[in-house]
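Beneath this line is the structure, given in structure tokens, with notes to follow.
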Protein chains: 2
Amino acid sequence: MQGLHIPQRTIMTPGPVEVHPRVRQAMSNRMLGQFDPAFTSIMDETMERIRQAFQTKNKWAFPVDGTSRAGIEAVMCSLIEPGDKVLIPIFGRFGHLMAEIAERSGAEVFRMHAEWGTVFDPEDVIAEIKKISPKIVGMIHGDTSTGRVQPLEAIGKACRSEDVLLVVDAVATITGMDFKTDDWCIDAVIGGTQKCLSVPSGLAPLTYNDRVEKVIAERKNIEQGLVQRERKPNPRRIHSNYFDLTQLQDYWSESRLNHHTEATHMIYGLHEGLQVVLEEGLEERFNRHRYHEQALTAGLEAMGLKLFGDPASKLTTVTCITIPEGIDGDQVRDFLLQQFGIEIASSFGPLQGKIWRIGTMGYSCRQGNVLQVLMGLEASLIYAGAAVHKGEAARAALDIYTKQIQPSLA
Amino acid sequence: MQGLHIPQRTIMTPGPVEVHPRVRQAMSNRMLGQFDPAFTSIMDETMERIRQAFQTKNKWAFPVDGTSRAGIEAVMCSLIEPGDKVLIPIFGRFGHLMAEIAERSGAEVFRMHAEWGTVFDPEDVIAEIKKISPKIVGMIHGDTSTGRVQPLEAIGKACRSEDVLLVVDAVATITGMDFKTDDWCIDAVIGGTQKCLSVPSGLAPLTYNDRVEKVIAERKNIEQGLVQRERKPNPRRIHSNYFDLTQLQDYWSESRLNHHTEATHMIYGLHEGLQVVLEEGLEERFNRHRYHEQALTAGLEAMGLKLFGDPASKLTTVTCITIPEGIDGDQVRDFLLQQFGIEIASSFGPLQGKIWRIGTMGYSCRQGNVLQVLMGLEASLIYAGAAVHKGEAARAALDIYTKQIQPSLA
């Protein structure tokens, strides 16, 4: 039987990214029972740290035990009842995903589309909200499939004044780019662990406010196996047990009403990952992401590569590159992984085979990795016969690294 | 800010139990990308090991990224369409849970009840199957809430001949007690990681056969964001995206169609945990669980405590004890945790406050732990003023430990 063989990699995809060494250490700890006070205090601390990372004073801030889309589904299926109107502006793959999740939850979904590589003018979204009067607007903050970030503040304020709930997928940006849950009037936000947080995939930290809590409270249902007497189910109960936020709330509250068995070691990792983030400082962390993105893009452009998408809406955490004519994108990616141990990503749907995506997220977002990916990509492109400006990429990045003060890495 | 503080515990609950040291080590490894061949080969090996642990030749054997109930919900919601008849025989809390999950998925649920502490005569279940002709029968193999195990072979064979699908929750028994997926004609089985496998909670390994695959294949739906052209959704698509087994199948197949981002480090843990199990050997492992259960129950009875439930259907992995008259069960449990660092469990619903539950599962199922829990419980009971036979518990357990050959611990 094969033991685990984990080769060393330089991971420069838009997630999962390299895990912070302190997080890996945290995950090798011994087990604690789920109701052991030593563990429930870790749960409480994790909630407080999620609040800080999401810049919110919301009471409810906890992870769902599943990958990021589990968090999106938990919020959507807890809010949506059959026939509810949901508006989803789509500017990449993850808008489609949110629309699909809403539709499967029984919503009547209204879609808006922006060309992949661009985002929406908030005013267009606001006009559509006024036209449709949906119960919920679902938006992606950063869509990694196109490398774009959608401004949300004006949309959030319009939703608040129109009494519409705004649910945001911030998986690609949380703790990597500024995200002000409360100031932007976002009612529910879902983050991911495996991107800027540099914790392995498997938890979806989220937060929601009392507007959301009020809506889902009407659908509350307690499991028959937990009560002494027979009780009638709530006819409006949420169609998922696992994703029922009213049950998850009870589990994460002082009453600790039994639901699932918390994923202890993932919580250890999240707890430590959030501590690393908060020790660095949110502003400092956002600056660090911008700084290395600058070095990366300077290098790529110096190499003669063309960045994909509207520069005005570029994510600092993801850089998309148009694959040069005549080059097989997947072949270059495979070569880069096999020969250099460096991983970058392709994209989805209409962009499949047309762009590469390089992530600069969390612990992967550091000078050594940026220089490695630039030099590895250059060498791989030269080997594949592409016309690149030889030797320029690292020099352009080093111009930034030697001349600008570098934010320290937590 | 608080760093992680993980005190040493002796965990003797029915899960989560102590994690095998090799598993903790495995989980501290570096990240690998989800489509890195070094990782996909770990995924393939994990599938093969799940097959072996579940004693099946099924093609599909993979974990759902969530806790055990996530696996149950994935199977149920992928199979159930509105109005489908589902029969759930309930003999403890987890039967209620399965019924609730089925009902939330839109099934017409038929319940049978056995008194908590007993299980069903298979003939009674078979008669009910013939009467109701359900599409699915959902059964719990071992219900930890009452410490009972339900014989399944006759029910499985009857379901096969009646062309009914049999879905089994084997969370409490898998790799701790014999479970023959194929020989017993079980169509879908869900296991848990945090019990006999001694891996942290957070994955639900499951397997299902081609009878299940055929039913869910009709509901297949591919995400819009993954395809080049607009396509109409399948009107029968599964109401959950996260739990859609047809999508999970594609992700775990050679096509590796993108769905979620696999929980890499949990997979590292599961891969290693299954290796530990298979190196020990399934039979040897079942024997070890029986051996330590014998020592535990001998000790408890020598102390003068009364075991709860029908001995004929007792789980070897869970021992239930009637809380002696006049003793506050929760106070004793808290005392045991605070003073000795030993954790045992209470129970749910009608048994809350009436029984304690002691688990002997996986890595926690070893001589040192059994002796510790016996001595700690005795001392705590004496301290609480209970009338116990002093000094008899350890002696009775040691009679077994010194006189019978002990299976070695992997």
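Odds and ends about this structure:
- If you go through the range A:24-51 and keep only what is farther than 13 Å from A:SER253 by Cα, buried (at least 22 other Cβ atoms within 10 Å of the Cβ) and more than 9 Å from chain B (Cβ to nearest Cβ), you end up with just A:ILE50.
- Hits in the range A:85-98 (condition: within 19 Å of the chain's Cα centre (by Cα) and either assigned to a strand (DSSP E or B) or among the aliphatic types (A, V, I, L, M) (or both)): A:ILE88, A:PRO89, A:ILE90, A:LEU97, A:MET98
- Residues satisfying the stated conditions in the range B:324-341, i.e. assigned to a helix (DSSP H, G or I) and over 28 Å from the mean Cα position of the chain (by Cα): B:GLN339
- Test: residue in the range A:343-354 that is over 26 Å from A:GLN150 (Cα atoms) and in contact (Cβ under 8 Å) with a residue 40 or more places away in the chain: yes
- Subset of the range A:55-74 (residues that are within 10 Å of chain B (Cβ to nearest Cβ) and either closer than 17 Å to B:ASN258 by Cα or in contact with a Phe, Trp or Tyr (Cβ under 6 Å, 6 or more places away or on another chain) (or both)): A:GLY66, A:THR67, A:SER68, A:ARG69, A:ALA70, A:ILE72, A:GLU73, A:ALA74
- Test: residue in the range A:216-237 that is crowded, with 19+ Cβ neighbours inside 10 Å, within 23 Å of the chain's Cα centre (by Cα) and over 23 Å from A:LYS180 (Cα atoms): no
Conditions (1) assigned by TED's automatic domain parsing to the domain that holds B:ARG24; (2) surrounded by 16 or more Cβ atoms within 10 Å (Cβ to Cβ); (3) within 30 Å of B:PHE179 (Cβ to Cβ), marked per residue:
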| position | (1), (2), (3) |
| --- | --- |
| B:THR317 | no, yes, yes |
| B:ILE321 | no, yes, yes |
| B:ARG357 | no, yes, yes |
| B:GLY368 | no, no, yes |
| B:GLU392 | no, yes, no |
| B:ASP399 | no, no, no |
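- All conditions but one from (1) without any contact (Cβ under 8 Å) to a residue 60 or more places away in the chain; (2) more than 24 Å from A:ASN234 (Cα to Cα); (3) surrounded by 24 or more Cβ atoms within 10 Å (Cβ to Cβ) apply to B:PHE120; the one that does not is (3).
- One residue from A:LEU274, A:LEU296, A:LEU197 being more than 14 Å from every other protein chain (Cβ to nearest Cβ), in contact with a Leu (Cβ under 9 Å, 6 or more places away or on another chain) and crowded, with 22+ Cβ neighbours inside 10 Å: A:LEU296
- When we screen B:GLY269, B:GLY273, B:GLY225 for residues that are in the same structural domain as B:THR40 (by TED's automatic domain parsing), touching a Lys or Arg at 6+ places or on another chain (Cβ under 6 Å), small (Gly, Ala, Ser) and in a helix (DSSP H, G or I), the only hit is B:GLY225.
Listed here are the residues, each with its yes/no results for (1) within 12 Å of chain A (Cβ to nearest Cβ); (2) touching a Pro at 6+ places or on another chain (Cβ under 9 Å); (3) part of a loop (DSSP other than H, G, I, E, B).
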position	(1), (2), (3)
B:HIS259	yes, no, yes
B:PHE286	no, no, no
B:GLU301	no, no, no
B:GLY309	no, no, yes
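- B:ARG357 being within 13 Å of another protein chain (Cβ to nearest Cβ) and part of a strand (DSSP E or B): yes
- Taking the criterion of being under 23 Å from the mean Cα position of the chain (by Cα), part of a loop (DSSP other than H, G, I, E, B) and within 20 Å of B:SER201 (Cα to Cα), the residues of the range B:1-56 that qualify are B:ARG9, B:MET12, B:THR13, B:PRO14, B:GLY15, B:PRO16, B:VAL17, B:GLU18, B:VAL19, B:HIS20, B:MET27, B:PHE54.
- Search result, residues across the range B:113-163 that are part of a strand (DSSP E or B), within 14 Å of another protein chain (Cβ to nearest Cβ) and not charged (D, E, K, R): B:HIS113, B:TRP116, B:GLY138, B:ILE140
- The set of residues in the range B:75-100 being at the interface with chain A (Cβ under 9 Å from one of its Cβ atoms) and not charged (D, E, K, R) consists of B:CYS77, B:ILE90, B:GLY92, B:PHE94, B:GLY95, B:HIS96, B:LEU97, B:ALA99.
- Residue within the range A:8-18 that is more than 7 Å from chain B (Cβ to nearest Cβ), surrounded by fewer than 16 Cβ atoms within 10 Å (Cβ to Cβ) and not hydrophobic (A, V, I, L, M, F, W, C) present: no
- Within the range B:218-255, the only residue that satisfies the criterion of being facing another protein chain (nearest Cβ under 7 Å) and basic (Lys, Arg) is B:ARG237.
- Residues in the range B:179-215 that are among the charged types (D, E, K, R) and within 17 Å of the chain's Cα centre (by Cα) were compared, and the one that is farthest from B:ILE80 (Cα to Cα) is B:LYS195.
- When we screen B:GLY281, B:GLY309, B:GLY269 for residues that are among the small types (Gly, Ala, Ser) and touching a Cys at 6+ places or on another chain (Cβ under 9 Å), the only hit is B:GLY309.
- Only a single criterion out of (1) under 27 Å from B:PRO14 (Cα atoms); (2) touching a Ser or Thr at 6+ places or on another chain (Cβ under 8 Å) is not satisfied by B:GLU162, namely (1).
- You will find that of A:ALA170, A:ALA154, the residue that is small (Gly, Ala, Ser) and touching a His at 6+ places or on another chain (Cβ under 9 Å) is A:ALA170 and no other.
- You will find that of B:ALA345, B:ALA394, the residue that is farther than 24 Å from B:PRO21 by Cα and of a type in the set (A, V, I, L, M) is B:ALA394 and no other.
- For the range A:66-84, filtered to residues that are under 15 Å from the mean Cα position of the chain (by Cα) and not hydrophobic (A, V, I, L, M, F, W, C), the residue that is nearest to A:ILE174 (Cα to Cα) is A:SER68.
The values are calculated or read from the model by the stated rules, or taken from the named source; none is laboratory data. None of the values given here were measured: they were computed from a predicted structure. Glycine gets a Cβ as well: all are built from the backbone with ideal geometry, and neighbour counts include every protein chain shown.
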